[in-house]
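Just below is one structure, and these are the notes that go with it.
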Amino acid sequence: MIVVLALLSSCKKDKGSGGGTTPPPVVKDKVKDTTIGYTRDIYLWYQQIPSNFDEQSYADPDKIMQAIRKYSTEPGFSQPVDRWSFAMKQTDWDNLSSGVAGDFGFGVFFKQEGDLRVKYVERSSPAGVAGIHRSWRITKINGNSNITSANSDFIVNGVYYSTNSTFTFQKPDGTSVDLSLTNATYQEHPIFLDSVYTAGTKKVGYIVFNSFLGDTTEVYNEFQRIFNKFNTQGVTDVAVDLRYNGGGYVSVAQKLADYLVTSAATGNVMMNQVFNDKYSSWNETSNFSKAGPLNPSRLFFIVSNNTASASELLINNLKPYMDVKLVGPSNTYGKPVGFFPIPVGTWYIFPVSFRSTNKNGSGNYFNGITVDSQQPDGLDKDWGDVSEASLASVLKFVSTGSFTRIGEIPGAASQTVTPALINSNQKLDVRSFRGAVLSSKKW
């Protein structure tokens, strides 16, 4: 590391045959060399990176991280499993990890072809301040009514990358409104909703949790408030909505697991973190330490293929101790590995560096965690609407012991999940972070 730092801070001059000096390597080239040097050391699959890998042929550290992903063969999988190693400018990561965003503050998905819906809204963002809600339909962007999957690039630019855009929204009551939004910086609040429902003779506590990144002090205070509320209101079952939660800090997943697990699990293994053989001394086992007064009898997680990493970690760690059911449009994303930021020049690199398993050693879910009840993503309903397909299925199970079947809920049949719909929405999911980040590790 001392040698690397020296290389980054100084340039060595070599005598040429003509008595002059050869031009020193530019800092950009040294950053690339350092990037691959660290990666060959900490990458979970470092032994698979070929000796002739040419880091200088790539534009920047992020392109190098993307290039090494193909060297991640796992037994039992025909294709490389790493889809996540990346790099980011340090200032950008500092904003992302602390929950500081600069955009309109909402995301979009297709409910079906040609039917574009608001999937979530950050309450402190321009969209939140304007009063936009999940489930609103977008019929025009900047005057263009071509709202189809074939026009995804236009939609992505108008929603996520424009400084100013005008939208025509159709509300649930059928009325339309034109709203102009201007990009602004705001603090994200990842807990979108918490509420309690009666299902038969039981009470169900419901939380919509959108990210494990952000202001952790705020999130931990919210955990305490919510679970005290659930306990006071006699909650027996808890449903955690993670359908768009791509993960974040492992420490936040551990904290939430401590609130969700029963007291009997205290002191037992929550998870194992395993690094490559060079860093086996970093391997760590974490145990449960029950938080809050609530001891739920059963847990439900509403998920999708956007549920990733730290979200999956939470589910996997609780399965050996709790009756856990998964409901949603599809299996989860499939990311049982994680990383931590390594500074290189003005960048942070994030080569996948550890894998996680639960008490039973289970954790190789690169194909995602399977749902118990496949339900549409009820994009035509706001958060907490008891007629929304996935939440309705959870409430039915609590009251009757069986999940909802497609078609039992009015309008749900038209939202049947198809590969084409999932593919269209993946094009619109360009801003999502997927990761399990160890904040305890420093390089």
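General observations
- Förster radius 25 Å - calculated FRET efficiency between Arg225 and Gln90 (Cβ-Cβ, nearest 0.05): 0.15
- Over all other residues within a Cβ to Cβ distance under 15 Å of Val269, the charged ones net out to +1, with Lys and Arg as +1 and Asp and Glu as -1.
- Rounded to 0.05, the FRET efficiency of the Thr217 and Asp277 pair, given R0 = 30 Å and the Cβ-Cβ distance, is 0.20.
- In the chain, the DSSP beta bridges split such that about 70 percent are antiparallel, to the nearest 5.
- Measuring against 22 Å, Cα to Cα, the residue pairs Lys32/Lys89; Lys319/Lys381; Lys319/Lys441 contain Lys319/Lys381; Lys319/Lys441 as the ones spanning a longer distance.
- Working value for the chain: equivalent-ellipsoid semi-axes of 40, 29, 19 Å, each the square root of 5 times a Cα gyration tensor eigenvalue, largest first.
- Per-selection Rg to Rh, segment 203-273 - Cα, Kirkwood hydrodynamic radius: 0.96
- In segment 198-347, the inverse of the mean reciprocal separation of distinct Cα atoms equals 16.2 Å; this is its Kirkwood hydrodynamic radius.
- Residue with peak Gaussian network fluctuation, the chain [Cα springs, cutoff 10 Å], from Gly107, Gly131, Gly205: Gly131
- If you take the Cα centroid of segment 222-251 and the Cα centroid of segment 308-323, the two points sit 13 Å apart.
- Here the label points at Val430 and Thr163, each 7 Å from Cα along the C-beta direction, are separated by 1.8 nm in the simple model.
- Take 167-175, 378-386, 325-333, 61-69 and order them by the average number of nearby Cβ atoms within 10 Å per residue, most first; the result is 325-333, 61-69, 378-386, 167-175.
- Rough spin-label spacing in nm, given labels placed 7 Å along Cα→Cβ, for Asn295 and Lys319: 2.5 nm
- q = 0.11, 0.14, 0.19, 0.22 Å⁻¹, segment 299-402: log10 I(q)/I(0) [Debye, one scatterer per Cα]: -0.42, -0.62, -0.94, -1.11
- Full extension of the segment from Gln47 to Asn287, taken as 0.36 nm per residue of separation minus the current Cα-Cα distance, would add 83.3 nm.
- Distance (nanometres) between label positions extended 7 Å along Cα→Cβ at Lys171 and Gln66: 4.2 nm
- Ranked by the mean number of other Cβ atoms within 10 Å per residue, highest first, peptides 307-318, 185-196 order as 307-318, 185-196.
- Of Lys325/Lys427; Lys28/Lys63; Lys203/Lys359; Lys171/Lys202; Lys70/Lys335, those spanning more than 24 Å from alpha-carbon to alpha-carbon: Lys325/Lys427; Lys203/Lys359; Lys171/Lys202
- The alpha carbon radius of gyration of segment 149-206, expressed as a multiple of 2.2 N^0.38 Å, is 1.75.
- Subtracting the Cα-Cα distance of Asn364 and Asn151 from 0.36 nm times their residue separation leaves 73.0 nm of extension gain.
- Ellipsoid semi-axes in whole angstrom, largest first, where each is sqrt(5λ) of the Cα gyration tensor of segment 30-178: 40, 18, 14
- Here's how it looks for Phe300: its modeled amide H is under 5 Å from those of Val238, Ala239, Val240, Lys325, which are all 5 or more places away or on a different chain.
- Val26/Thr73 FRET efficiency (R0 25 Å; Cβ-Cβ; nearest 0.05): 0.15
- Rh (Kirkwood; distinct C-alpha pairs) - segment 57-117, Å: 15.1 Å
- Summary of packing: across the peptides 298-305, 427-434, 84-91, 261-268, the per-residue average of other C-beta atoms within 10 Å ranks them, highest first, as 298-305, 84-91, 427-434, 261-268.
- The alpha carbon convex hull volume per residue for segment 262-338 rounds to 101 Å³.
Values quoted throughout were computed directly from the atomic coordinates according to the rules given, and no laboratory measurement underlies them. These figures come from a predicted structure and were not determined experimentally. Note that we place each Cβ from the backbone using ideal geometry, even for glycine, and neighbour counts take in every protein chain shown.
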